[in-house]
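The values are calculated or read from the model by the stated rules, or taken from the named source; none is laboratory data. From a predicted model like this one, the values you see are computed outputs, not experimental measurements. Here the Cβ positions follow ideal geometry from the backbone for every residue, glycine too, while neighbour counts run over all protein chains shown.
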Amino acid sequence: MDYTKLVTALKENDSEEVNRLVEALRPRLMAFLRIHMNATDADAEDCAQDSLIDSLEVIKSDRIDDPKRIVSYILTTCRNNYLKMQKKRRETSMEEVSETQSQAPQQLQSLLDEEQKKLLRWCMNQLKEEYQRFMQYWFDHPDAHTKKVAAEFDISINNAWTRKHRLIKKLNECYREKSKL
């Protein structure tokens, strides 16, 4: 869909066209936040709405240099608003932690970490051997570029990226199921 029409519709006060384009754009923004930022449905909905309002005000005040990049601008606004919302939450939750509260004993944390590792190993062992090697490579080289991983496994970059994210999802589901989360 051509969202440059959004700039034109706002400048021409064509509220019907603006509403139609905004309604088409909102689900895209929410999906972006859920997929790329791991936002909850409620957070994605709130953030998308706020970002659209902010973006429409910027367009109305004629502060958009290139109408062709309006979607990129709105996505960036959406991402930044979500990150600000998360930062504010973290700061609030950190303020709620009392200074008198102490950390759990290190031994307990070590036991929990070991239990998590056991569950992850169990889930990894449920994967096909080829996928185990693939994920182990990522665990051993967490900063590796997808291009390098694709070359290592003789697959396309898109296939490497897709495989990684599908396997992570599968491991997450297995982990949740086994740990009863």
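Just to confirm my filter: which helices (runs of 4 or more DSSP H) fall fully inside region 113-181 and include at least 2 residues that are farther than 26 Å from His36 by Cβ?
Helices (runs of 4 or more DSSP H) meeting the threshold: 129-140.
Name every residue in region 13-53 that is of a type in the set (Gly, Ala, Ser) and not in a helix (DSSP H, G or I), in order of residue number.
Ala39
Taking the conditions exactly as written (under 21 Å from Lys84 (Cβ atoms) and either modelled with pLDDT of 90 or more or not assigned by the TED database to the domain that holds Lys169 (or both)), does Arg69 satisfy them or not?
Criteria not met by Arg69.
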